[in-house]
Amino acid sequence: MIPPKQNADFVAHMEDVLEVYKRPYDPDYPVVCMDEQPTQLIKETRRKIEAAPGWAERVDYEYERNGTVNNFMFNEPLGNWRKVNVRERKTMIDWAHEIKELLDVDYPEAEKVVLVMDNLNTHKPASLYEAFEPREAQRLLERLEIHHTPRHGSWLNIAEIELSVFTKQCLNRRIPDIETLRKEAREWYRERNQSQKGVDWRFTTKDARIKLKRLYPQSKS
């Protein structure tokens, strides 16, 4: 959603993110986008009938809801890399542990990870202090450079593109439990990483100043 009129806060965050996307690839300072989404787990209540010669697979419409989980998506567009972790919840603690894994496991050699993400109330430094001792929280924060997309501007988050692909390719069927979803998600992102699928982001600050001119406050100078 784009604001209907002039909005300096939206513009400032938008241009900040667009300038980050212009940076050349640097393994010491990788740009990683992060997003998340809930998924409803669905259990079958009756056994499906497998496909046979002359017959398509048959699945009963009846199903059982089996709770909701949360998918954390991380994507490095210029590195052709993405990862999905599935957690039972989406609390400050969950986000903090995801960030620790990103820094210590996925990017242990990077000087800093440049992190682009939506401006949600759990996506903030305070979450690290909720989850870890102050010294550990500070250590993690020193290896992060955080950039938030504007409020109501999640379309500027490249990880949202990857979540859309993940939804179409992996969540297009009934998944009964969290362990099955974790397995399916792991297979999906590993295969996608091996095929070197990247994102060709072309929308720039110059484009924004033309196409979204109505959002820019008129200069008072």
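Each reported figure results from applying straightforward, stated rules to the coordinates on display, with no laboratory input. As the structure is a prediction and not an experimental result, all values here were calculated from the model. Please note: Cβ atoms are built from the backbone with ideal geometry, for glycine as well, and neighbour counts cover all protein chains shown.
Would you mind ranking Ile178, Ile2 by Cβ crowding within 10 Å, fewest neighbours first? Mind showing how you got there, number by number?
Values: Ile178 18, Ile2 13.
So the residues, fewest neighbours to most, are Ile2, Ile178.
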Q | Kirkwood Rh in Å, taken over the range 118-188 so that all alpha-carbon pairs contribute | A | 14.9 Å
**Q.** the range 68-95 versus the range 168-213: alpha-carbon centroid distance in Å
**A.** 11 Å
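So in the range 63-221, what percent of DSSP beta bridges are antiparallel if you round to the nearest 5? If you can, show how the numbers build up before the last one.
Working: 7 of 12 bridges.
Taking every DSSP beta bridge within the range 63-221, about 60 percent pair in antiparallel fashion.
Return one quarter of the surface area of the convex hull spanned by the alpha-carbon atoms of the range 88-213, equal to its mean projected area, in nm².
Numbers: hull surface 39.8 nm².
If I average the Cα hull's projected area over directions, I get 10.0 nm².
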Q | Reference-scaled alpha-carbon Rg (2.2 N^0.38 Å with N residues) for the chain | A | 1.18
(Q) Is there a quick way to get the dipole size of the chain? I mean about its Cα centre, with the Cβ of Lys and Arg at +1 and of Asp and Glu at -1; what is the value in debye to the nearest 20? (A) 900 debye
Q: Would you calculate a helix-derived [θ] at 222 nm for the chain, using -39,500 (n - 2.57) for each DSSP H run of n ≥ 4 and dividing by the full residue count, to the nearest 500?
A: -10500 deg cm²/dmol
(Q) Suppose we flag chymotrypsin sites (Phe, Trp or Tyr not before Pro) only when DSSP calls them loop and at most 16 other Cβ atoms lie within 10 Å. Which is the longest uninterrupted stretch of the chain? (A) 62-200
